[in-house]
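The values are calculated or read from the model by the stated rules, or taken from the named source; none is laboratory data. Quantities reported herein were computed from a predicted structural model and do not represent experimental measurements. Cβ: placed from backbone, ideal geometry, glycine included. Neighbour counts: every protein chain shown.
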Amino acid sequence: MSIAYYSKFSETRTKLIICKINRALWFRLEEYIYKKIIYYNVYIEISGDVLEKKLYKITEKEKDEFLEWLEKDIPMEKTPKDIFRLKMYFSNNLDLDTRLVLLEHQLLQHQERIKFLYSQMERYSEVPPLHSNDFGDYIVLDGAIIREQGSIKWLTNCINHHKNG
């Protein structure tokens, strides 16, 4: 996904700047689109299969507002609710076999997700330069991998407790 904004650098010419946006951050941009701070055009790119891509265009004023939003520190959000962990809190109401099946299925899902994340990380042979468009994608992807590693460790511990307990 890309975001593009126009910056005038002369009276007659306009420079198009394109920055990559990680899909995980899409919901933040969607807020700006909803408030009509960012406008977008949809274009179709065909290469083998039909791919639809969205190109977002920001005026100079809107770019300044966007950068102001990026720079603003925000309080940490509440810990997101994890329904599966809530179920495990009450899992004493389940028989051990059912509990183990649920844990193993969750583990499988997280292993599949981390496999996908590692495949996305393959495009980076090293940490991208700090001021490159790819750096933000890299650190968000790295954070997602670390989060999944934590979930996998927790699920593995739970499974081991059930098998050895």
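Values as computed for the structure displayed
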| item | result |
| --- | --- |
| Single condition S91 does not satisfy, out of (1) surrounded by 11 or more Cβ atoms within 10 Å (Cβ to Cβ); (2) over 25 Å from H161 (Cα atoms) | (2) |
| Residues (assigned to a helix (DSSP H, G or I), small (G, A, S) and exposed (fewer than 13 other Cβ atoms within 10 Å of the Cβ)) located in the range 109-160 | S119, G143, G150 |
| Check on E77, at pLDDT 95 or above, loosely packed, with under 10 Cβ neighbours inside 10 Å and outside any strand (DSSP E or B) | no |
